[in-house]
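No value in this document is a laboratory result; all are computed from the given coordinates. Please read these numbers as outputs of a predicted model, since none were measured by experiment. We place every Cβ from the backbone using ideal geometry, glycine too, and count neighbours over all the protein chains shown.
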Amino acid sequence: MVKQNAIMVIILAAGQSLRFGEKNKLLQSVNGRPLIELSVAAAVSSKAKTIVVVTGFEADKIKSVISGYPVTFIDNPRFNKGMSTSIVAALQQVNQTTTGVMIMLADMHKISSRHIDHLIDAFVEDGGQRITVPCYNKGRGNPVLWPVSYVKELKVLKGDHGGRHILKNLETLGSDRLCRVEMLTDAIFFDVDEIQDIKQ
């Protein structure tokens with residue numbers, strides 16, 4: 001039986017946020033708290049067992065903001081080579097007790113612990129063998145919860161990509177290996193790319 005507390009959440013916080021401008025978007029204030037803290041707080045408050053935060057650009061500043069949270073930090077010196085390098089680095093933390101890995105973008109501050117728990121509950125109830133993806137109005141969003149059986153595929157990702165192409169390939173094949181979870185909000189689509197996004 002799949003256990004809820006055997007889930008690892010990987011928070012990708014290593015990027016340079018080039019489209020945002022000169023400032024690091026993850027350090028900018030949203031409702032009085034740094035953007036990165038909102039994401040970490042949501043994950044820590046969820047049913048997940050382990051929270052891994054991947055740092056790279058301005059790593060010391062990121063760590064100082066969330067140093068009080070029970071997370072494991074992974075430094076990615078190759079962060080400028082793309083998102084995949086952060087995912088691969090974090091996957092080294094997967095162990096024999098891990099049943100699933102949720103990959104979460106650090107700039108999705110509208111994602112709450114309830115969203116995360118909803119995905120974890122669906123993953124567990126479904127048996128923990130299918131990729132669990134959040135959906136809203138037929139659109140697919142983030143974060144995505146991956147069974148450990150997909151870790152080998154995720155470890156060979158290249159460039160500035162997550163597992164999106166894996167999901168697309170499965171959908172093209174009409175595969176039943178995706179567990180689609182309907183959400184009640186469009187928060188699963190919203191991330192921060194530009195300054196105006198921080199105010200939404």
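On C-alpha positions alone, give me the angle between the axis of helix 113-125 and the longest principal axis of the chain, in degrees, nearest 10. Taking Cα atoms only, the helix is inclined about 20 degrees. The residues packed around Ser64, meaning those with a beta-carbon under 15 Å from its beta-carbon, carry a net charge of -1 if Lys and Arg are +1 and Asp and Glu are -1. Taking other residues whose beta carbon is less than 13 angstrom from the beta carbon of Ser149, and scoring Lys, Arg as +1 and Asp, Glu as -1, yields +3.
Close Lys pairs in the stretch 1-123 (alpha-carbon distance under 17 Å; sequence gap of 8 or more, or different chains): 7.
Taking 0.36 nm per residue of separation and subtracting the current Cα-Cα distance, fully stretching the chain between Gln16 and Arg78 would add 21.1 nm. Over the stretch 47-161, the hull volume per residue, using the convex hull of the C-alpha atoms, is 120 Å³. Spacing of the modelled spin labels on Arg33 and Asp60, each 7 Å from Cα toward Cβ, amounts to 2.6 nm.
Placing +1 on the Cβ of every Lys and Arg and -1 on the Cβ of every Asp and Glu, with nothing else charged, gives the chain a dipole about its Cα centre of roughly 300 debye. Put a plus charge on the Cβ of each Lys and Arg, a minus charge on the Cβ of each Asp and Glu, and nothing anywhere else: the dipole of the stretch 91-200 about its Cα centre is then about 320 debye. In a fully extended conformation the segment linking Tyr69 and Val2 would gain 21.5 nm over its present Cα-Cα distance, using 0.36 nm per residue. Of the residues Ser39, Thr55, Ser29, the one whose Cα sits farthest toward the positive end of the charge dipole of the chain, with +1 on the Cβ of Lys and Arg and -1 on the Cβ of Asp and Glu, is Thr55.
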